[in-house]
Amino acid sequence: MFTLSEAINRGLRAGLETDPKVMVMGEDVGRLGGVFRVTDGLQKDFGADRVVDTPLAEAGIVGTAIGLAMRGYRPVCEIQFDGFVYPAFNQITSQLAKLRARSRGRVTAPVVIRVPFSGGIGAVEHHSESNEAYFTHTAGLRVVSAATPQDGHWLLRQAIACDDPVIFFEPKCRYWSKGDVTESPDDPLVLPLDAARTVRRGDDVTLLTWGSMVETCLRAATAAQAEGHSLEVVDLRSLSPIDTDTLVASVRRTGRAVVVHEAPTFGGLGGEVAAALGEHCFTSLEAPVMRVGGFNVPYPAAHLEEHYRPDLDRVLDAVDRVLHY
Amino acid sequence: MVEIFQLLGPDGDLRDGPSASAIDAELCRALFRDMVLARRFDDEAYYLQRQGELGLWLQSRGQEAAQVGSIRALRDTDWVFPSYRDHAAALCRGIEPAELLAQWRGVSQSGWDPARYRFHIYTLVLAAQLPHAVGYAIGAQHDGADELVMTYFGEGSSSEGEANEAFNWAATMAAPVLFFCQNNQWAISTPTQAQFGAPLHQRAAGFGLSTQVVDGNDVLAVHVATSRAAEAVRCGEGPAFIEALTYRIAGHSTSDDPTRYRSDAELDHWQTLDPLDRLRRLLEARGWADDGFFTHLEAEATALAERVRGACRALAAPEAASMFDHVLAEPGPALAAERAAYVEYAGSFLD
């Protein structure tokens with residue numbers, strides 16, 4: 001059993017061991033081991049040239065990582081908190097994402113950007129945001145989120161090996177949750193980078209979710225079971241591209257779907273999922289696709305965050321609405 | 001007040017001395033040829049834009065000395081991260097006219113293979129290429145390669161956060177980078193006095209960069225200063241910064257109207273400092289080039305102009321579906337489906 005944080009640490013370690021071109025870079029990732037200790041011990045074992053404490057400048061982190069990638073390196077950058085990624089937005093969206101297309105495939109930038117995201121830890125402002133939709137809206141990026149130690153480890157290893165830039169969202173409230181991590185890349189539990197995972201089978205309603213909300217949805221499914229409702233839970237894992245086939249197959253079977261994410265529902269990725277389900281499952285749907293998410297307000301102060309974040313009751317409320325539509 | 005390094009005065013007078021020891025007739029003829037061809041290329045591209053053959057053109061007229069003098073001081077193995085007005089430098093690296101014009105004709109977003117010329121594609125978002133240059137240089141340093149990286153940018157770009165992050169980063173990491181600023185006095189309509197409060201070279205020095213200020217219309221001074229800086233960077237003395245004072249003779253782009261914000265008198269003044277004229281005066285005064293040289297060069301420029309026109313008009317629009325290429329390493333089912341649906345839709349029209 002490993003915590004999510006340990007599983008990611010081991011994923012980074014495996015990357016550094018397997019490929020001499022892999023580098024880890026970011027603010028305080030070396031000597032300190034990162035503010036969440038995700039990179040703990042890596043600089044000691046791989047040296048300050050490969051596990052680099054950078055100046056405090058996010059555009060610089062991503063910009064130099066792009067230059068390193070052009071030179072043949074595979075940098076794995078850490079952005080310390082979700083709300084600190086915006087200074088790097090130009091480098092991510094105009095540079096990193098578009099290099100392959102702009103150069104007609106001549107320049108590639110296999111950079112991984114790890115972002116601890118979403119709330120639930122009682123943090124101060126700018127430390128709890130779910131900003132994945134900014135990046136899923138940009139062609140040329142892969143965007144993934146790992147909800148469990150198993151996926152934290154293997155999704156990261158796949159992201160490092162991938163020739164595309166990958167934005168890797170880590171639900172920070174889950175860093176300390178434990179789970180098993182399989183040893184072999186050939187284990188059937190190791191899914192491809194762009195595949196969704198059905199984490200609980202059910203027949204009545206499909207919950208489509210990712211990141212911090214996977215656990216919430218699993219608890220909702222357990223609670224619903226007691227009331228005689230069978231909920232299926234699908235963890236998208238890959239937010240761009242989306243594994244539409246898996247989502248559609250599930251919803252065609254259950255006929256009801258609720259999308260649950262922590263980001264505001266307005267303009268969020270849940271809208272894209274709902275639209276795709278509308279297009280592909282129209283005749284199978286017994287109710288409109290519902291969304292449960294954050295409100296269209298700036299992330300509130302710590303004492304209000306449990307009102308803002310979807311919880312078990314809000315998920316079950318939406319389940320009731322699709323069941324009794 | 002910092003001293004502006006100059007070897008060749010506007011009158012064509014060469015200041016002899018230790019700094020000028022590497023300057024000879026052969027170097028001057030070669031630099032002159034590069035500048036003449038670059039200007040002819042630039043003029044021709046401008047005409048092509050006016051004829052509707054190019055969507056937009058950003059003229060390099062007036063900045064030939066800054067670009068030619070600097071890039072000719074590098075080794076072919078050194079990497080260059082340009083901005084978007086660096087046509088003279090690009091031509092020196094052997095980039096073909098068609099490759100340079102493709103982007104401006106609107107047939108692709110870039111025209112050349114950066115690895116082939118060790119010259120990255122143009123970056124249009126200001127200063128975004130500076131951290132790339134630093135990262136690339138750190139990689140070269142890790143590889144133990146005897147290479148340096150030069151990046152071009154303008155004085156306007158120096159206000160961008162990414163420029164300042166790159167200066168700081170390079171100094172902190174002792175990266176083998178040469179920052180080459182072409183201060184052409186104008187960022188579209190914004191003059192330098194509205195761009196920064198402290199002189200740029202002063203700020204660069206404050207970051208810990210080894211800094212020189214050079215007359216950017218003096219190709220010989222630029223060449224010597226760049227050679228000097230490159231040598232120091234190569235010896236591991238850390239990153240360097242050159243501010244070349246030059247002038248954007250034309251508008252920012254073919255969509256710009258510089259008469260709205262600057263005076264004829266200012267333009268006239270800078271015309272008298274033209275980089276090509278002053279080197280020609282030296283070549284003639286010293287007898288380093290005869291009539292045959294100039295006649296031959298003129299014929300070469302005329303032939304280039306013809307080649308540029310032909311190459312431009314031959315650049316055809318690509319297949320529409322090619323926009324789906326190279327988004328990711330593998331398109332994946334969603335993008336493949338989007339492409340297939342578009343191709344089917346486009347094919348459903350009767351001619």
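The values are calculated or read from the model by the stated rules, or taken from the named source; none is laboratory data. The structure presented is a predicted model; accordingly, all values stated were derived computationally and were not measured. Backbone-built Cβ (ideal geometry, glycine too); neighbour counts: all protein chains shown. All accessible areas refer to the heavy atoms of the entire protein, side chains included, with ligands and DNA or RNA removed. Shrake-Rupley method; radii C 1.70, N 1.55, O 1.52, S 1.80 Å.
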If you check A:VAL297 against the conditions, is it closer than 26 Å to A:LEU189 by Cβ and either open to solvent by less than 60 Å² (accessible area, probe 1.4 Å) or not in a helix (DSSP H, G or I) (or both)?
-> no
Does A:VAL111 meet the test of being under 22 Å from A:LEU193 (Cβ atoms), at pLDDT 95 or above and within 14 Å of another protein chain (Cβ to nearest Cβ)?
-> yes
Please go through the stretch B:97-120 and pick out each residue that is open to solvent by 20 Å² or more (accessible area, probe 1.4 Å), more than 25 Å from B:ALA320 (Cβ to Cβ) and not in a helix (DSSP H, G or I).
-> B:ARG118
Is it true that some residue in the stretch B:277-292 is among the small types (Gly, Ala, Ser) and open to solvent by less than 30 Å² (accessible area, probe 1.4 Å)?
-> yes
Please identify the pairs in which a residue from the stretch A:92-103 that is within 17 Å of B:TYR122 (Cβ to Cβ) and in the same structural domain as A:ALA57 (by TED's automatic domain parsing) has its Cβ atom under 9 Å from the Cβ atom of a residue that is of a type in the set (Asp, Glu) and open to solvent by less than 20 Å² (accessible area, probe 1.4 Å), counting only partners at least 6 apart or on another chain.
-> A:ARG100/A:ASP164
Of the residues B:ALA170, B:ALA205, which single one is surrounded by fewer than 21 Cβ atoms within 10 Å (Cβ to Cβ), in contact with a strand residue (DSSP E or B) (Cβ under 8 Å, 6 or more places away or on another chain) and hydrophobic (A, V, I, L, M, F, W, C)?
-> B:ALA205
Filtering the stretch A:70-91 down to residues that are open to solvent by less than 10 Å² (accessible area, probe 1.4 Å) and within 9 Å of chain B (Cβ to nearest Cβ), which residue is farthest from B:PRO131 (Cα to Cα)?
-> A:PRO75
Please find, within the stretch B:308-349, the residue that is farthest from the other protein chains (Cβ to nearest Cβ) out of those that are in a loop (DSSP other than H, G, I, E, B) and buried (at least 16 other Cβ atoms within 10 Å of the Cβ).
-> B:LEU315
Filter the stretch A:155-188 for residues that are open to solvent by 30 Å² or more (accessible area, probe 1.4 Å), charged (D, E, K, R) and away from chain B (no Cβ under 14 Å) and give the result.
-> A:ARG157, A:ARG174, A:LYS178, A:ASP180, A:GLU183, A:ASP186, A:ASP187
Can you name the residue in the stretch A:244-291 that is acidic (Asp, Glu) and open to solvent by 30 Å² or more (accessible area, probe 1.4 Å) and, of all such residues, is farthest from the other protein chains (Cβ to nearest Cβ)?
-> A:GLU286
Can you tell me which residue among B:TYR136, B:TYR122, B:TYR152 is facing chain A (nearest Cβ under 7 Å) and in contact (Cβ under 8 Å) with a residue 40 or more places away in the chain?
-> B:TYR136
Number of the exception - B:CYS181 against (1) over 30 Å from B:THR254 (Cα atoms); (2) touching a strand residue (DSSP E or B) at 6+ places or on another chain (Cβ under 9 Å) = (1)
With the condition kept exactly as written, say whether any residue in the stretch B:83-105 is within 9 Å of chain A (Cβ to nearest Cβ), out of contact with any Pro (no Cβ under 8 Å at 6 or more places or on another chain) and under 20 Å from A:GLY63 (Cβ atoms).
-> no
All positions within the stretch B:139-149 that are open to solvent by less than 10 Å² (accessible area, probe 1.4 Å) and within 7 Å of chain A (Cβ to nearest Cβ) | B:GLY139, B:ALA140
Cβ-Cβ under 6 Å pairs, at least 6 apart or on other chains, the stretch A:275-304 side more than 20 Å from A:GLY211 (Cα to Cα), far side of a type in the set (D, E, K, R) = A:CYS281/A:ARG252; A:SER284/A:ARG252; A:GLU286/A:ARG256; A:ALA287/A:ARG256
Residue by residue through the stretch A:92-108, note down the ones that are over 20 Å from the mean Cα position of the chain (by Cα) and under 23 Å from A:PRO55 (Cα atoms).
-> A:SER94, A:GLN95
Quick check: anything in the stretch A:136-149 facing another protein chain (nearest Cβ under 10 Å), on the phi < 0 side of the Ramachandran plot and either crowded, with 19+ Cβ neighbours inside 10 Å or at pLDDT below 95 (or both)?
-> yes
If you scan the stretch A:54-69, which residues turn out to be of a type outside the set (Asp, Glu) and more than 7 Å from chain B (Cβ to nearest Cβ)?
-> A:THR54, A:LEU56, A:ILE61, A:VAL62, A:ALA69
Scanning the stretch B:6-20 for residues that are open to solvent by 30 Å² or more (accessible area, probe 1.4 Å) and under 15 Å from B:ALA73 (Cβ atoms) gives B:SER19
Can you pull out the residues in the stretch A:123-135 that are open to solvent by 10 Å² or more (accessible area, probe 1.4 Å) and either within 14 Å of chain B (Cβ to nearest Cβ) or closer than 22 Å to A:GLU27 by Cα (or both)?
-> A:ALA123, A:VAL124, A:GLU125, A:HIS126, A:HIS127, A:GLU129, A:SER130
Residue satisfying all of: in the stretch B:158-212; under 27 Å from B:LEU7 (Cβ atoms) and hydroxyl-bearing (Ser, Thr, Tyr); nearest to the other protein chains (Cβ to nearest Cβ) among these = B:SER158
When only residues in the stretch A:73-91 that are part of a loop (DSSP other than H, G, I, E, B) and within 15 Å of A:VAL112 (Cβ to Cβ) count, which is farthest from the chain's Cα centre (by Cα)?
-> A:TYR73
Residue in the stretch B:47-69 that is open to solvent by less than 10 Å² (accessible area, probe 1.4 Å), within 25 Å of B:SER158 (Cβ to Cβ) and without any contact (Cβ under 8 Å) to a residue 40 or more places away in the chain present | yes
